[in-house]
Structure formats: C-alpha cells, structure tokens
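Just so it is clear, none of the values below were taken in a lab; they were calculated from the coordinates. Just so we're clear, the structure is a prediction, and the values are computed from it rather than from any experiment. Note that each Cβ is placed from the backbone with ideal geometry, even for glycine, and that neighbours are counted across all protein chains shown.
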Ligand SMILES: [Zn+2]
C-alpha cells in the first residue's frame, strides 16, 4: 500500500508558490511529520495549514522565534492560495496525462521520445536504495542490469505538478541518450542537465503548468539556500550554463544540441566551461518571449540574499534616520535579538550601516530587496 498523504499535497502548494523562506528542504522538514498523518485531500490540508497559522499566539514581544512564526504564517497563506488555484484529483492519472501532453509538445520541434514511463514502488536493483524521486535508464542499464529503458517515477514521492516538472527534465535526457552518432557516450549530467532544465523543466513544463508555475518551481528546486550542499549547486550552475546558451542560440540552438546527442553536448561543454561559445556551424534562432523573461529572472536571481527571520522582519521596519531604541519600543521587539539582527544586516549582508553613535540607521538598502521579495529568511538559521 502506497503511503500517500497530505505531505505531497502541501509540497505541491509550496513548489508552486513564491515564498520568502529560502530552502524547500527546510520547509519539508518543518511540515513532514504533521502532514504525513493526514490524507491527500485539499480540505484536510487547508485545515492543517490554518491550524499551523493560528496555533501559537504571538507574544507581545517579537524576538527571533516570533518573527519566524509571523513569516512562516505569511508563506503558509501564499501556499493556501496556490493550493486553491489548482484542482488536484488522481495523482497517477494526472501524471500520465501530463506525460502525453509534454510528448505532444515535442512534436513542433520534430523531436520524439520512445521512452515509457513507469510509476513504481521501488527503483529496480541495484538502484533500489537511492533516495531519488525520478530516474531514467537507458540501453546500457538493460545490458548491465536487465532494466527496461524508460523514465521511472517513485509513486510515494509523487508531488502533483512537481513530478511533471521532473518528468519533463528526464524526458529530454532520454531523447539526448538516443540521438546523434555514438549514442551512449559518457554520463547524463553536467551541461546536459542544464539543457534538460531549460528545454524540459522550463519550456515543456510551462506548456502544462504555465510560466508562473515553472518559475516558482525551478526557484524552489534550484535556488534554495543550503550552505554546504554541493550537489544542488552543481545543478544550478548547469542551469545557468543552459540559460546562457539559450540567450545566445535560442530554442533552435538547444534543440540542435538535443538532436545531436550526448557526445556533441560533451564537446560543446568542453568549450563553454572555458568561456568559448563560438560553436562551429551553430546558427541558432527562435527566442520564446516568456522563456526569455524567466531566463533573465533566473540569471539575475540573488540566491544568497538570505538572513535570519528577525533580520528579515526588521528589514521591513527600518528606514534611514530611524532611532533603534524607538523602533524596538514602537514595534514591541526583543532588545537582545533585535541588536543581533541589526548586526547581522550590517555585517552578514552589508545592507545597512549604523551611524557613528550606533543608535540610528545611516544607510539602508533593505527596501529594494524587501519590496522585490529577493530578501529571504532561513527557517533554521545558520548565523
Ligand atoms: Zn538530469
């Protein structure tokens, strides 16, 4: 029996929302226990979210933990809105329908995939212990392990729409792996992952969920702030390479890479990692307006503009010339926590500078980032 619960439902809401928390991994940690106990139903999830928002009344004085609660409640409201915007029924059927749709959208580029999708309880051995939510296997795995080629989705890890986003990425790998000369050359990773993100996770996925959803999902997935986790950083760097390639050569250039296969992609990667984007005979063309907009946004995204919850909270209160003692009093802030948060804004991020008596804000750059939503907070601060 598959354990499918409200956890998958709230994650669907989180991946499709623009939130102020900086790490979806931390958010998963925050909600896992509570939401795994409730069913995969909109009403149950809405009620549990409301309970979370209302459960701990804010004390008079706002310190680090109270600020966290206020900001998390704001994000949970965003997530409820997102959940209310989409109708989710049978997760399995939905994924199968999305698969048909993304394959159909390949046709206008004269690309096609023979790949089958398998929704499984466990990945085939020897990959059954991997923590992945999706994977794909090729002819080489058939020869080595007798695994049928195709895209494998682990059923208990399905998250509505997010799994479609993953599937769109894996689908491009399968086409690359069976295209061009010398079909199976090297590992399906590196720059190839960036191509799969740009063409699969952004362009094809937007044909199912729209660009707004594609943008939120890729920001949650690839732009989380998680110090000391190297693997997600590699994916993000490959995405940036893919986006820059798209800016230079358009969708025609990306499709040409896919069509010419893995060996050619590795040759191009060897050049681009040295900053050489002079690719012989690559003409390029066709820039999709919406894809270009999202690309610009992601290329400019300040991933590391992250602070503790109280620093994020007071960033919304301070202005140049404001007296700190008065601000603390007027807003019922905790003295000790606030002093640390101000120090954090000045020393960790260099967003403010205090005056020489250290009792007023002299320079303030926080508004720019608060108003644009770029300044995010850590659910489990590292500072
Ligand atoms: Zn990949």
* In percent, how large is the relative contact order of segment 306-377, given Cα pairs closer than 8 Å and 6 or more residues apart? -> 43 percent
* Most to least packed among 325-332, 239-246 [average Cβ atoms within 10 Å] -> 239-246, 325-332
* Can you give me the three principal axis dimensions of the chain from its C-alpha atoms, in Å, biggest first? => 70, 53, 35
* Potential extension, residue 25-residue 325 segment - 0.36 nm per residue separation minus Cα distance -> 104.4 nm
* **Whole-Å distance, taken between Cα centres, linking segment 118-162 and segment 208-233** => 22 Å
* Using only the Cα atoms, what convex hull volume per residue in Å³ does segment 214-316 have? -> 128 Å³
* Determine, for each peptide in 218-228, 27-37, the mean count of other beta carbons within 10 angstrom over its residues, then list the peptides with the highest first. => 218-228, 27-37
* Asked: How far, in degrees from 0 to 90, does helix 6-15 lean away from the longest principal axis of the Cα atoms of the chain, to the nearest 10?
  -> 90 degrees
* To do: Using only the C-alpha atoms of segment 18-119, find the volume of their convex hull and express it per residue in Å³.
  => 148 Å³
* Rounded to the nearest 10 degrees, what's the angle between the helix 42-55 long axis and the longest principal axis of the chain, both from Cα atoms, 0 to 90? => 30 degrees
* Asked: Cα axis of helix 24-36 to longest principal axis of the chain: angle in degrees, 0 to 90, nearest 10?
  -> 90 degrees
* Structure fact -> Per-residue Cβ contact counts at 10 Å, fewest first, order 16, 270, 164, 292 as 270, 292, 164, 16
* Structure fact -> Stretched fully, the stretch from residue 355 through residue 140 gains (0.36 nm per residue minus C-alpha distance, one decimal, in nm) 70.9 nm
* Stretched out fully, how many nm does the piece from residue 156 to residue 367 gain, at 0.36 nm a residue minus the Cα gap? -> 71.8 nm
* Structure fact -> With only helices counted (DSSP H, runs n ≥ 4, each -39500 (n - 2.57)), the per-residue ellipticity at 222 nm for the chain, to the nearest 500, works out to -17500 deg cm²/dmol
* Cα centroid separation - segment 334-377 against segment 35-67, whole Å -> 28 Å
